[in-house]
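Read through the structure below, which is laid out as structure tokens, and then see the notes.
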Amino acid sequence: MPPLRLLLTGFGPFPGTPDNPSAWLVERLASAAPQAGFGATLHAEVLPSEWDAVASRAPRLFDAIRPGLILNFGLSRRARGFRIERFAHNRVMARPDAVGALPTTGSLRASGPDRLQSGFPAARLASHLKQQGLQAAASRSAGRYLCNFLYYLSLEWARRQETPCLAAFVHMPPTKADGGTFTEAELLRGAEAILRFGLALASEDNARRPVAAKRGTALAGASRPVSS
């Protein structure tokens, strides 16, 4: 079986945050990958915090890489620990991006589901992190800004695939140096634990999928629409 393909994303600066720690985190994880033995082909991407850039670049990335796991990181200044998002919502906040642009509509997809639910076990991951001394919780809302936008696109792409794809979004707090909860070392340790947890799940899903597909069962790892 070929190595699992992993797409790891973070965001660049946005208004009020000239240095986005999710970009640093993704770059550090990518640089450590050859020595860490993740057992996956890892592609890391720091996306501009821009409505148009996310809309155009994210789908192209998914199609080019065809990942079995999409793991998105973003900053939440209100987070006190890692927040594992369960849903992406079909809604938009009229908030300017890094170049001052505003979204043109109040929803992401005019005819799309109100929200998409990830097949990623958020509560299990939160428990796993807490056992390692890291604050974490499952969350029901990824907000209405660019993090939610990218997550909706990720889940939308994942549910269209015939081969399994898990997609997750994790909000991280600022570093302690910026008034947050974790040191840089703790953030990196938590992110690596999240990555390994996701890879183990995605690998199990890949191993099970050929048998399930022959029986005509539903795609267990794909996202699914949920009514509000």
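The values are calculated or read from the model by the stated rules, or taken from the named source; none is laboratory data. Note that the coordinates shown come from a computational prediction; the quantities given were computed from them, not determined experimentally. Using ideal geometry, Cβ is built from the backbone for each residue, glycine included, and neighbour counts are taken over all protein chains shown.
A compact table of results
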quantity	calculated
Which numbered condition Arg5 fails, given (1) surrounded by fewer than 24 Cβ atoms within 10 Å (Cβ to Cβ); (2) in contact with a Gly (Cβ under 6 Å, 6 or more places away or on another chain); (3) at pLDDT 95 or above	(3)
Any hit, the range 88-102, residues being of a type outside the set (Phe, Trp, Tyr), under 15 Å from the mean Cα position of the chain (by Cα) and surrounded by 13 or more Cβ atoms within 10 Å (Cβ to Cβ)	yes
Any hit, the range 69-83, residues being in contact with a Lys or Arg (Cβ under 7 Å, 6 or more places away or on another chain), closer than 17 Å to Trp157 by Cα, of a type outside the set (Val, Ile, Thr) and assigned to a loop (DSSP other than H, G, I, E, B)	no
Test for Leu7: is it touching a Leu at 6+ places or on another chain (Cβ under 8 Å), in contact (Cβ under 8 Å) with a residue 24 or more places away in the chain, closer than 16 Å to Tyr152 by Cβ and assigned to a strand (DSSP E or B)	yes
Conditions (1) of a type outside the set (Asp, Glu); (2) modelled with pLDDT of 95 or more; (3) surrounded by 20 or more Cβ atoms within 10 Å (Cβ to Cβ); number of the one not met by Gly119	(2)
Only listed residue being buried (at least 16 other Cβ atoms within 10 Å of the Cβ) and more than 14 Å from the chain's Cα centre (by Cα), chosen from Ala23, Ala40	Ala40
